[in-house]
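First up is the structure itself, then whatever we jot down about it.
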Amino acid sequence: MNHNETSWLELNTHQPEDAMAFYSETLGWEFESTELPQGGSYWVASHNDKAVGGVFALDDTDHGEIPSHWMTYMQVSNIDDAQTSARKSGGKVTRPALCLDGIGKLAVITDSSGALVGLIEPESDG
């Protein structure tokens, strides 16, 4: 495991269909829809049968003022411990951990300076 390294990229966008068409044409990515535990639309992007990232649909009602953007996820060995450490260090948990089948657990935190960063605890291979 490459703890503390960049491990997952996620496009958060108001126009997921347009974005997926763009990245499919530009990078040869394929997309598969998956269910989110709390609802919402999410697609796993893959290339050569390997997951390379995700696309999250920003709902205009809840995310209307948030511009489309790429989120970087740092790999951790225990996402619950990492969320606790973030809180103790002056940050906050912006999006609590959720589980994506075949990918792992993902969360978003805000660091002590106000910057957003994602955390991922990859699903174990064994």
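Rule-based calculations on the coordinates, nothing more; no lab input. Keep in mind that what you see is a predicted model, and the values were worked out from it rather than measured. Cβ: placed from backbone, ideal geometry, glycine included. Neighbour counts: every protein chain shown.
Put simply, of E65, E30 the only residue that is charged (D, E, K, R) and without any contact (Cβ under 8 Å) to a residue 12 or more places away in the chain is E65. Residues in the stretch 22-77 that are of a type in the set (V, I, T) and surrounded by 11 or more Cβ atoms within 10 Å (Cβ to Cβ): T34, V44, V52, V55, I66, T72, V76. The stretch 1-80 holds strands (runs of 3 or more DSSP E) entirely within its bounds, and those carrying 3 or more residues that are over 16 Å from L119 (Cβ atoms) map to 30-35, 41-47, 50-57. One residue stands out among those in the stretch 62-78 that are among the hydroxyl-bearing types (S, T, Y) and touching a Ser or Thr at 6+ places or on another chain (Cβ under 8 Å): the one that is farthest from T13 (Cα to Cα), which is Y73.
Residues of the stretch 81-126 that are over 21 Å from S33 (Cβ atoms) and in a loop (DSSP other than H, G, I, E, B): S89, G90, G91, D111, S112, S113, G114, A115, S124, D125, G126.
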